[in-house]
1. How charged is the neighbourhood of Asn29? Take every other residue with its Cβ under 10 Å from the Cβ of Asn29, and add Lys/Arg as +1 and Asp/Glu as -1.
2. Rank these for me by crowding, Phe144, Phe94, Phe3, going from fewest to most other beta carbons within 10 Å.
3. Sorted by mean Cβ packing within 10 Å, highest first, what order do the peptides 127-140, 18-31 take?
4. Identify, among Ile13, Gln96, Asn119, the residue whose Cα sits farthest towards the positive end of the charge dipole of the chain, taking +1 on the Cβ of Lys and Arg and -1 on the Cβ of Asp and Glu, with the dipole about the Cα centre.
5. I need Met1, Met111, Met164 ordered by Cβ neighbour count within 10 Å, fewest first.
6. Hey, if you put +1 on the Cβ of every Lys and Arg and -1 on every Asp and Glu Cβ in the chain, which of Ile182, His55, Gly67 ends up farthest toward the positive end of that dipole?
7. In deg cm²/dmol, rounded to 500, what helix-only [θ] at 222 nm does the chain give when every DSSP H run of at least 4 residues adds -39500 (n - 2.57) and the total is split over its residues?
8. Computed from the mean reciprocal separation of all distinct C-alpha pairs, what Kirkwood hydrodynamic radius does region 40-79 have, in Å?
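Values in this text are rule-based calculations from the coordinates and carry no lab data. No experiment lies behind these values; they were computed from the predicted model shown. A quick note on method: Cβ atoms are made from the backbone with ideal geometry, for glycine too, and the neighbour counts reach across all protein chains shown.
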Amino acid sequence: MRFDTTKPLLMLIDLQKAIDDPSWGTRNNPDAETQIANLLRLWREKKLPILHVKHMSTDPNSKYRPGTPGNDFKDIAIPFDSEEVLEKSTNSAFIQTDLDTTLQNRSITEMVIVGVITNNSVEATARMAGNLGYRTFVVSDATFTFDKTDFGGLKHKAEVVHNMSLANLDDEYAQVVRADEILDLFGSPAT
């Protein structure tokens with residue numbers, strides 16, 4: 001793996017306290033936050049562009065609703081004052097936002113996506129990024145999801161849901177990579 005540009009964007013999706021609510025159920029990738037923190041530290045050290053995507057749910061029952069504790073960023077992903085925050089109210093960071101225009105104005109053509117939920121906001125954003133022509137990387141061990149029941153009533157483990165979502169993305173909308181591949185590329189353990 002390699003980057004074509006010197007300033008790939010790190011996009012952190014929906015890393016808010018709402019995602020820790022037990023109502024989500026069983027999740028995979030218990031070390032995802034560690035990998036996210038490592039990548040965020042690396043991006044900060046290298047002074048590369050960072051974008052924090054914050055979900056601002058319009059659902060009155062959502063844990064992500066503005067004004068609730070769940071809307072706050074998780075401790076590992078609190079933006080620095082110098083880092084941009086993009087607020088969204090749908091699953092894709094490109095819908096009803098100026099993200100595409102902002103990226104074009106900054107000549108950003110590559111992005112690395114981490115965060116939650118793999119089969120929801122991560123997948124929706126990565127699909128749109130790929131469709132819009134951005135070279136997109138999704139970090140498999142810096143994303144996670146939860147158990148999900150299908151239309152037939154069969155419950156699927158979070159790891160299966162996660163892997164299927166990544167399979168949907170890989171080589172069509174994005175390149176699926178591991179955090180250590182990116183860290184190695186920069187020659188930095190960032191830990």
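1. Working: positive: Arg27; negative: Asp31, Glu33, Asp141, Glu159.
Local charge sum for Asn29: -3.
2. Values: Phe144 26, Phe94 20, Phe3 16.
Final ranking by Cβ density, sparse to dense: Phe3, Phe94, Phe144.
3. Details: 127-140: 20.2, 18-31: 14.1.
Descending mean neighbour count gives 127-140, 18-31.
4. Positive-end residue among those listed: Gln96.
5. On the way: Met1 10, Met111 22, Met164 15.
So the residues, fewest neighbours to most, are Met1, Met164, Met111.
6. Final value for the positive-end residue is Gly67.
7. Numbers: 5 runs with 51 residues, N = 191.
One gets -8000 deg cm²/dmol as the mean residue ellipticity at 222 nm.
8. Working: mean 1/r = 0.0857 Å⁻¹.
Taking the inverse mean of 1/r over all distinct Cα pairs, region 40-79 comes out at 11.7 Å.
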